[in-house]
Structure formats: structure tokens, C-alpha cells
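K.L.:
The structure follows.
The values are calculated or read from the model by the stated rules, or taken from the named source; none is laboratory data. What you see is a predicted model, and the numbers here were worked out from it, not measured in a lab. Here the Cβ positions follow ideal geometry from the backbone for every residue, glycine too, while neighbour counts run over all protein chains shown. Remember, those area values only see protein heavy atoms, side chains included, never the ligands or the DNA or RNA. Shrake-Rupley method; radii C 1.70, N 1.55, O 1.52, S 1.80 Å.
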Amino acid sequence: MSFKNIKKDFPILEQKVNGKNLVYLDSAATTQKPKEVINSLNNYYKETNSNIHRGVHTLSQKATEKYEKARVMIANFIDATSSKEIIFVRGATEAVNLVASSYVKPLLMENDEIIISQMEHHANIVPWQMVCEEKKAKLKIIPIDENGELIINKFNELINKKTKFISLNHVSNSLGTINPIKKIIHIAHQKNIKIMIDGAQAVQHLEISMKDIDADFYCFSGHKMYAPTGIGILYGKKELLEQMPPYQGGGDMIKSVTFEKTTYNDIPNRFEAGTPNISGAIALGKAIEYINKIGISNINKHEEDLLNYATSKLKKINKVKIIGEAKEKAAVISFIIEGIHPHDIGTIMDSHGIAIRAGHHCTQPIMDFYNVPATARASFAIYNTKEDVDELVKAIEKCIKVFA
Ligand code: PLP
């Protein structure tokens, strides 16, 4: 499979930035969108736009059909048992908040414990802090080692009778670490504890099967997998979703409403109050079609090659230090350069037309662990090439000269 021409599928990548060909290395923040996805949004508003579920007219039925077809495609993509287990949300952040509020909060008592890890995105920290504060429960943290890997022995030690829930990321957005989630889920289930996996940085890189990993909840954001912003997925096991109260009230999530009593709709509609992001859901379906056309295992192999190539090149540059060297990594490289603030690195890269991210990447506890204020981060996707890595390396070398 050749990845040479894939850039042409992404119109935004044709432009120049600061007079240079754009090299986009910020896909962990958000990926660019292929023509199919952009056309899907355009066509939806030109041909199908209508509200779903409530209309008998043709456009409404068409919109409903496409929206529900997207749900089935997503269920197949992550190998869920049923499309009823797929809830459309705004993104991974909303999914974590939904589970914290509708599943965990009702079962949490004073002094109970929730386990997360030191490498979580703020989206998988703050909702748990909020729920713990409200219920006077405690947050326990699995530490990481210097390589940026979870210390599994410490995880085993943290689990006890008070542990009510675990929520961990599949892939770290700052370090690229791929966590052994199947093993972790198995450990949790042996102790009868339910577990959520934040897959925001995983689904676009790895083949994933809900049936295989057996996660109780799993979530991700469309915009990190070639779809638009404002659409994401919460997967939940049917038997868990069915016992959960709604997250928000409003239209479409009810069966009947009187002023005395409201009865709620079945899943998944119970968790989709109000008019959803219909065009976004349909475009997410298109993004999945696009990924499937290329093949997730081909994508994985291509990105792994880029990661290995970039890692070996960066390691050869004096003064560059890679942060996060786990054995299993997705195509994300955080690095620092001795004597240069990451924000200055980011600005200089931009002057060369190279988009990288500089900052704490919404993972401040990781920055504290490595005792750095921030890192520069290059993250790769299907449209990147070895030439992009060469441009990055050249620009880093120039950057070091400027500050020498
Ligand atoms: N979890 C991880 C690992 C992430 O990388 C991100 C975004 O960077 C999120 C959660 C939050 O995703 P969103 O902002 O799309 O809700």
C-alpha cells in the first residue's frame, strides 16, 4: 500500500504557511479532513438537511437513515455487539463526563475510590475530581516510570474494596505510550470493578474490538480521526447503559412527558437529548469509510515506520531529548531541546511552515513528573511522509543554531 498520494486527499495540506509548504505534525490535537468528509458535510446541507427521528417527511427520513447508518458503521468499526451501545456525544470529554455523572456518581459513597493514572489527559482527570469532591470520595493515581509506562504492580496495589471505578487512557496524547488495556481490563474485572477506556488517541491508529478487550465503556472524538469537530462516541455495554439514568433532559430522550411524570426513551436515544450533530455523525461515518478503505492495519504500519524514522533521526541530534520512550508507542513524539523553551521551538517551526504543538498538552501532571514546563510535540497521521520528518529535522537543526 502506497501512502505517497494520500496527501492529495486533504485539500488543506496544499497550502503554504509563511511561504513554505505546510507540514502538518499536529494530528494528535486534531487531524485534517479528507475530501470525502468535507463533501459529506457540504452534501448534507445541500441535499438532506432536516431534523431526525421526529419527521414523517422524506428529508427527515433520509437524515434519520443516514444518522442511524453512521451509528451502525461505528459499531462495526469498534466491533461492538450492537449499535445500541453507540452514543453520539460531542467528544471524548463529554463521554467521560457522561459516565462520571450517570454511572459512577450514583454508586459512589463517602471514602470510595476511583483509579486513574498519572498520564491522563485533563479530560480524564477533572470529571473524576469533580465527582469525588461532590461525593467525598478519593482519586487514586497509578504512577508511571521514566519511560512513560504505567507501573502495573502499583496498579495492583491500589485496587481494594473501596475501588468503585477505573478510567484510563488507551494511548497517551503526550507520550504516545500504548497501554496494555486488555490486561488491565482483565485485572479490573477479576476484582469486579468496571472500567472506562479513553480511546481518543487510539482508534485512529490501532485496530480495536470491544468484544475482544471487554471494556465497560470506551470513548473517542471524531475530529482526531479525520471527522469534524463536535462529534464523538461513547461506547457502553448495553446492560450498563440500560441501567443508567439520563445525562441531560430534553427532546428525543423521552417516551412520554406529563407535568407529573416523564418516562425515558430506550438506549441509545436516552443519552442523546436535543437535536444532535447530525451532519457531524454522518461525516464521522464517512471518515470511517475512508479509514476502512485504506485499512487500519496499513495505517498502523505506515505510522509506525514514521515513528521509528523520526525517533532515530531526533535521537541523533545533540541537545534533543525525547520525553516518553515506552516500548509500545503510537506516532507521537514529545521532545525538548536543551536551552530552548518549547514555545520558541513551536514558533520557529511555524516560521518554516511546520505545525507542531508546544505546551503541556492538557497533561500537566506528566510535565510535573518529568519536571519540564512544557514539551514540543510532533504527531503523525496517514498523510505524513518521511519527507515531512526530514523537514522537521532540518528546522530543529536550524533552531538549535539560532539559539546557540
Ligand atoms: N483524551 C485524550 C487522550 C486526548 O488526547 C484528548 C484530546 O486531546 C481528549 C481526551 C479530549 O478530547 P476532546 O477535546 O475532543 O473532547
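K.L.:
Along its principal axes, what span do the Cα atoms of the chain show, with the longest given first and each in whole Å?
P.N.:
73, 55, 34
K.L.:
With everything on Cα atoms, drop me the angle between helix 181-190 and the longest principal axis of the chain, reported from 0 to 90° to the nearest 10.
P.N.:
Roughly 40 degrees between the two axes.
K.L.:
Using Cα centres only, tell me the gap between the range 1-26 and the range 330-403 in whole Å.
P.N.:
When both Cα centres are located, 18 Å separates them.
K.L.:
So, counting K/R as plus one and D/E as minus one, what does the shell of residues with Cβ under 12 Å around P34 add up to?
P.N.:
Local net charge: +3.
K.L.:
Can you give the Kirkwood hydrodynamic radius for the range 157-316, in Å, rounded to one decimal and based on Cα pairs? Spell out each step's value before the answer.
P.N.:
Details: mean 1/r = 0.0549 Å⁻¹.
So the Kirkwood estimate lands at 18.2 Å.
K.L.:
What do the square roots of 5 times the Cα gyration tensor eigenvalues come to for the range 63-171, in whole Å, largest first, as semi-axes of the equivalent ellipsoid?
P.N.:
One finds semi-axes of 29, 18, 12 Å for the range 63-171.
K.L.:
Among the listed pairs K7/K62; K164/K286; K224/K327; K46/K255, which have their C-alpha atoms separated by more than 28 angstrom in this model?
P.N.:
In this structure, K7/K62; K164/K286; K46/K255 exceed 28 Å between Cα atoms.
K.L.:
Note the angle between two axes, namely the Cα long axis of helix 386-403 and the longest principal axis of the Cα atoms of the chain, as a number of degrees from 0 to 90, rounded to the nearest 10.
P.N.:
Relative to the chain, helix 386-403 is tipped by roughly 60 degrees.
K.L.:
Follow-up question, since we're still on this one. Only sites in a loop by DSSP and with at most 15 other Cβ atoms within 10 Å count here; which trypsin sites (Lys or Arg not before Pro) in the range 106-146 make the cut?
P.N.:
Counting only loop positions with at most 15 other Cβ atoms within 10 Å, the trypsin sites (Lys or Arg not before Pro) in the range 106-146 are K136.
K.L.:
Go ahead and run the numbers for FRET between K238 and K394, Cβ-Cβ distance against an R0 of 56 Å, rounding to 0.05.
P.N.:
Once rounded, the FRET efficiency stands at 0.60.
K.L.:
Working from the pairwise distances between different alpha carbons, so that the mean of 1/r is found and then inverted, what is the range 148-232's Kirkwood radius in Å?
P.N.:
Across the range 148-232, the inverse of the average 1/r is 13.7 Å.
K.L.:
In nanometres, what is the gap between the two model label sites at K327 and E134, each 7 Å from Cα along Cα-to-Cβ?
P.N.:
Result for the modelled spin labels: 4.1 nm.
K.L.:
Ok, one more. Beyond 24 Å, what percent of the Cα pairs of the range 230-343 remain?
P.N.:
Tail of the P(r) past 24 Å holds 58 percent of the pairs.
K.L.:
What nm value, rounded to one decimal, do you get for the distance between I294 and K319 when each label is placed 7 Å out toward the C-beta?
P.N.:
Going from the I294 label point to the K319 one covers 3.4 nm.
K.L.:
Kindly state, to the nearest 0.05, the FRET efficiency for V72 paired with T229, given R0 = 22 Å and r defined as their beta-carbon distance.
P.N.:
Values: r = 23 Å, r/R0 = 1.03.
It comes to 0.45.
K.L.:
Using only protein heavy atoms and a 1.4 Å probe, report how much of D350 is accessible, in Å² to the nearest 10.
P.N.:
In the full protein context, D350 sits at about 70 Å².
K.L.:
Extending each Cα 7 Å along its Cβ direction at V17 and T58, get the distance between those two points in nm, one decimal.
P.N.:
Each label point lies 7 Å from its Cα, and together they span 4.4 nm.
K.L.:
Okay, moving on. Where does helix 342-351 land angle-wise versus the long Cα axis of the chain, in degrees 0 to 90, nearest 10?
P.N.:
Relative to the chain, helix 342-351 is tipped by roughly 80 degrees.
K.L.:
Evaluate E = 1/(1 + (r/R0)^6) for L107 and K35, where r is the Cβ-Cβ distance and R0 equals 60 Å; express this FRET efficiency to the nearest 0.05.
P.N.:
Values: r = 46 Å, r/R0 = 0.76.
The computed FRET efficiency comes out at 0.85.
K.L.:
Counting every Cα pair in the range 231-284, what percent are over 13 Å apart?
P.N.:
63 percent
K.L.:
Please give the length that would be gained between K386 and N156 if that part of the chain were fully extended, namely 0.36 nm times their separation in residues minus their C-alpha to C-alpha distance (nm, one decimal).
P.N.:
Working: separation 230, 0.36 × 230 = 82.80 nm, distance 4.06 nm.
Additional length available on full extension: 78.7 nm.
K.L.:
Same structure again: Using a 1.4 angstrom probe and counting only protein chains, how large is the accessible area of V126 in Å², to 10?
P.N.:
Only protein atoms counted, so the area is about 60 Å².
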